[in-house]
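The values are calculated or read from the model by the stated rules, or taken from the named source; none is laboratory data. All values reported here derive from a predicted model rather than from experimental measurement. Neighbour counts run over all protein chains shown; Cβ positions are idealised from the backbone, glycine included.
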Amino acid sequence: MIKIHKAVVGSRYFNITNVLVPLVFVIIGTIYRFFIGGVYPEIFVFIQAWLMIYEISTEYFGYGAIYRKNNFGMEYLKTSINGMDLVKKSMLSDSILRIIRTIAYTLLPGILVSRSVDDPAVIVVFALALANVSVWSVSFTRFVTMYGFLVMISSPFLIVGLIIDVLCINKFINAMPVIIALILLLAGGVIFTQIFASKKIKESYKDLM
């Protein structure tokens with residue numbers, strides 16, 4: 001499925017979003033957290049906010065380019081018998097890759113400063129919250145072609161994610177129940193994204209009639 005996803009969104013987009021940028025985030029985060037050592041909760045949340053914005057924005061340059069007005073990418077895929085099946089498999093791969101990369105560039109640097117947090121499980125919460133924002137937001141922005149509108153639709157997911165981070169890092173709520181809830185929510189997000197996207201794709205065929 002990875003090869004299919006790479007073919008649908010383009011190798012440049014795939015390599016930048018799934019290899020280059022996550023690697024840069026991990027390296028910068030590791031260097032920063034290694035030399036700084038202890039970090040304040042505000043820094044954790046600030047970094048998470050920017051990572052969430054980045055994850056939301058990647059959709060605009062991936063599938064957004066396919067659906068953009070006057071772009072015949074989707075119409076071209078519709079002429080193929082297997083075209084839409086390839087898109088569905090690509091979207092599933094995208095959801096899985098979003099989970100892997102968000103957890104990677106949150107957990108790997110975070111391990112080095114786990115002692116700076118009263119409850120190391122909070123770092124896991126941050127990783128899962130970021131993954132949820134990334135997966136759930138694209139469920140509703142996958143077919144949006146205007147960046148400003150995309151950010152506006154994604155804002156509620158970003159705000160909820162940051163609220164969860166703040167509550168956990170300040171020990172207003174216990175991290176472990178939140179982790180379980182976020183894992184279940186993440187699984188639901190992947191399933192919902194596929195169902196919703198499939199429905200939108202089927203409806204789009206009416207445009208050809």
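Structure above, values below:
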quantity: Some residue of the stretch 34-51 being at pLDDT below 75, touching a Pro at 6+ places or on another chain (Cβ under 7 Å), surrounded by 15 or more Cβ atoms within 10 Å (Cβ to Cβ) and more than 18 Å from residue 130 (Cα to Cα); calculated: no
quantity: Flag if residue 197 is touching a Gly at 6+ places or on another chain (Cβ under 7 Å) and assigned to a helix (DSSP H, G or I); calculated: no
quantity: Residue list for the stretch 119-133, filter: in a helix (DSSP H, G or I) and under 15 Å from residue 170 (Cα atoms); calculated: 121, 122, 123, 124, 125, 126
quantity: Complete set of residues in the stretch 144-189 that are outside any helix (DSSP H, G or I) and in contact (Cβ under 8 Å) with a residue 40 or more places away in the chain; calculated: 144, 145, 170, 171
quantity: Residue among 92, 128 that alone is within 13 Å of residue 165 (Cβ to Cβ) and at pLDDT 80 or above; calculated: 128
quantity: Residue match in the stretch 57-75 (condition: modelled with pLDDT of 75 or more, β-branched (Val, Ile, Thr) and either at negative phi or within 15 Å of the chain's Cα centre (by Cα) (or both)); calculated: yes
